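Below: the structure, in structure tokens.
Laboratory data are not the source of any read-out in this text; all were calculated from the coordinates shown. Note that the structure is predicted; figures quoted are calculated from it, not measured. Note: ideal-geometry Cβ built from the backbone for every residue, glycine included; neighbour counts use all protein chains shown.
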Amino acid sequence: DAGVTQSPTHLIKTRGQQVTLRCSPISGHKSVSWYQQVLGQGPQFIFQYYEKEERGRGNFPDRFSARQFPNYSSELNVNALLLGDSALYLCASSSAGAISYEQYFGPGTRLTVT
Amino acid sequence: DAKTTQPNSMESNEEEPVHLPCNHSTISGTDYIHWYRQLPSQGPEYVIHGLTSNVNNRMASLAIAEDRKSSTLILHRATLRDAAVYYCILRRNSGGSNYKLTFGKGTLLTVNP
């Protein structure tokens, strides 16, 4: 089975622009979470979606938004990009149910803001 | 979220056991102890988790102190492929926010051939 896939792999944007990152979870997984990983730091939680509803939000500004589609894929949108948004954006999926423990991460999208 | 403390880095030799420590003195009764690792240029990978009892799986063992204020991830025979950043994470079993993982900086494990 395919793992979590993310697109694009790399992206270069200019300050002030908007970006959309995409994630396809493992087949059968209904929960998708997004994380931001700045160089040298651990990943920081941005959002979690389960059954197309937002179930958690990290300490990120409103410029960050996300949604989950009926097929459980997800998009992360970032508006008005800042230099500090340069990071690796990771998507993780998990199977349904509150007792699911493992999260499966994709390879990430490397965003560079110039 | 309860905080974890890990050494910044550790070094091991190939085929020797590795013990990666983690302190979590403010752990609560509903916090599970999770370990993930991140190989270079990859997303994090689940390793193991536990609540109170020691746990074993094909990748590693998790030893949890009786007071749960510390734990140790044990790699029984390190290989070069085990070189990664290892994250010790406390995950609260609290319904809707169950999926959030709070990562610290982790421990960078170097494995020497």
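With an 8 Å cut-off on Cα pairs and a minimum separation of 6 or more residues, tell me the relative contact order of region A:41-114 in percent.
Values: 98 pairs, mean separation 16.0, N = 74.
The value is 22 percent.
Extending 7 Å from the Cα toward the beta-carbon at both B:GLU16 and A:PHE69 defines two label points whose distance is 5.1 nm.
Using a Förster radius of 35 Å, what is the FRET efficiency between B:ASN8 and A:GLU53 based on their Cβ-Cβ separation? Nearest 0.05, please. It comes out at approximately 0.35.
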